[in-house]
Amino acid sequence: MSKSGALDLATGVGGKINKEDVQSAVDQYEKYHVCYGGDEETRKANYSDMVNKYYDLATSFYEFGWGESFHFAPRWKGESLRESIKRHEHFLALQMGLKPGMKVLDVGCGIGGPLREIARFSSTSITGLNNNEYQISRGTELNRIAGVSESCNFVKADFMKMPFSDNTFDGIYAIEATCHAPDAVGCYKEIYRVLKPGQCFAAYEWCMTDHFDPNNESHKKTKAEIELGNGLPDIRSTRECLDALKLAGFEVVREKDLAVDSPVSWYLPLDTSKFSITSFRLTAFGRLITRTMVKTLEFVGIAPAGSNRVSSFLEKAAEGLVEGGRCVPPRVGGHRSELLQFLAPRPRLREATTAASRRLRAEKNTSGHLADPDADKLDEVKEEEEARSVLCFADQRKSTFCSNS
């Protein structure tokens, strides 16, 4: 079970960082960000150090306030935060068409909340990729407690340089994790490399919507607060994200901002104007209690020096997330889209060959040769059939999946 007590929170701040060095780590982390004089280039050049420091400092706060799955979800009215998170994870597994016995990779797995949930739901074996030693140690302990150590494991590595052979996994997903990558194309290329041809990569991604104005000071401030409070080198636009997938070789067969039609706003748990019994620690009063508790435990020496500053920049992140998620204009999704979901299969050899032949014909046509409309039509039919073959849908009640063959 997740750590939930005040002492667990206090003693966990800093992760694997020596407790006497936590204050210095906070200083170094903050200096990466615009709010403290940092810049995007420095964050990208030092992304591994920045992200590791962030999760060493913030993980115990996440686990205390949010649970084992560090992500948001669209919600139905009457649905609790934790119920919506589980449903969100199940939906991803169904979209991927996961089958019992498949070998799956979770890119940027945190302490493994989604990994354990999806492994149990789909009867698959899942490897969690994470570059943070503290989160892996917590995840390993939670795997043991949950009794899933045989089907779930962790590998410590950078997702820009994965230690896996080509064509290793039957499916790959990432839940609000690849936003930490300094280069989306490079990250997606690594995912493409280790994914088997014809199989799917699915993700929930953090993006800025088309309504973000880089010349608007309020928008820029909100973006900077989100980057500071969430360990991000930058926040890409939706178009940049989708273009990066295609440049990496994927075919994007589904992309949708799930925030737009969500009956309950994804940022509701962080909105201090709302109150919830089921998410009390995230309410204004609950967060006040947490701040006071952290400050007191730091004062008496139980929590390391710097803990209250971590609490403060996480508060800034929460404010930025709520502001970024508010609808501007109404029902469009604000200038930050939390819930971009995409499904992107790696093309099979036949698809790649067909695409290459179409490019060759196009080149011939520009040289004066006549186009062959029948050949183009045949290729379109073939491509449509191949796209269907990799989109696997599930009957959730019977857990029967369509064939990938």
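Scanning the stretch 134-156 for residues that are of a type in the set (Gly, Ala, Ser) and either on the phi < 0 side of the Ramachandran plot or buried (at least 17 other Cβ atoms within 10 Å of the Cβ) (or both) yields Ser137, Gly139, Ala146, Ser149, Ser151. Number of residues in the stretch 162-199 that are within 20 Å of Asp257 (Cα to Cα) and in contact with a Lys or Arg (Cβ under 8 Å, 6 or more places away or on another chain): the value is 2. Kindly indicate whether Met96 is buried (at least 23 other Cβ atoms within 10 Å of the Cβ), of a type outside the set (Ser, Thr, Tyr), closer than 25 Å to Lys221 by Cβ and touching a residue at least 12 places away in the same chain (Cβ under 8 Å). In short, no.
Table: residues versus (1) part of a loop (DSSP other than H, G, I, E, B); (2) of a type in the set (Asp, Glu); (3) touching a residue at least 12 places away in the same chain (Cβ under 8 Å); (4) under 22 Å from Tyr204 (Cβ atoms).
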position: Ala10; (1), (2), (3), (4): no, no, yes, no
position: Asp21; (1), (2), (3), (4): no, yes, no, no
position: Cys35; (1), (2), (3), (4): no, no, yes, no
position: Gly38; (1), (2), (3), (4): yes, no, no, no
position: Val51; (1), (2), (3), (4): no, no, yes, yes
position: Tyr55; (1), (2), (3), (4): no, no, yes, yes
position: Thr59; (1), (2), (3), (4): no, no, yes, yes
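For Tyr36, the requirement of being closer than 24 Å to Ser218 by Cβ, at pLDDT below 95 and either surrounded by 14 or more Cβ atoms within 10 Å (Cβ to Cβ) or over 23 Å from the mean Cα position of the chain (by Cα) (or both) is met. Report yes if some residue within the stretch 139-158 is outside any helix (DSSP H, G or I) and under 13 Å from the mean Cα position of the chain (by Cα); otherwise report no. No; the residues of the stretch 139-158 include none that is outside any helix (DSSP H, G or I) and under 13 Å from the mean Cα position of the chain (by Cα). Looking across Asn215, Asn167, Asn130, Asn143, one residue alone is under 30 Å from Glu323 (Cα atoms), free of Cβ contacts under 8 Å to residues at least 60 places away in the same chain and in contact with a strand residue (DSSP E or B) (Cβ under 7 Å, 6 or more places away or on another chain). It is Asn130.
Conditions tested, residue by residue: (1) farther than 25 Å from Asn230 by Cα; (2) under 15 Å from the mean Cα position of the chain (by Cα); (3) crowded, with 19+ Cβ neighbours inside 10 Å.
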site	(1), (2), (3)
Phe70	no, yes, yes
Trp76	yes, no, no
Arg82	no, no, no
Gly110	no, yes, yes
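Could you please let me know if Glu41 is farther than 21 Å from Tyr173 by Cβ and surrounded by fewer than 22 Cβ atoms within 10 Å (Cβ to Cβ)? When the stated conditions are applied, Glu41 passes them. Against the list (1) farther than 15 Å from Glu30 by Cα; (2) modelled with pLDDT of 90 or more, the condition Phe212 fails is (2). If you go through the stretch 236-258 and keep only what is free of Cβ contacts under 8 Å to residues at least 60 places away in the same chain and either surrounded by 20 or more Cβ atoms within 10 Å (Cβ to Cβ) or assigned to a strand (DSSP E or B) (or both), you end up with Arg236, Ser237.
The values are calculated or read from the model by the stated rules, or taken from the named source; none is laboratory data. Just so you know, these numbers come straight off a predicted model, no measurement behind them. Glycine also receives a Cβ, built like all others from the backbone with ideal geometry; neighbour counts cover every protein chain displayed.
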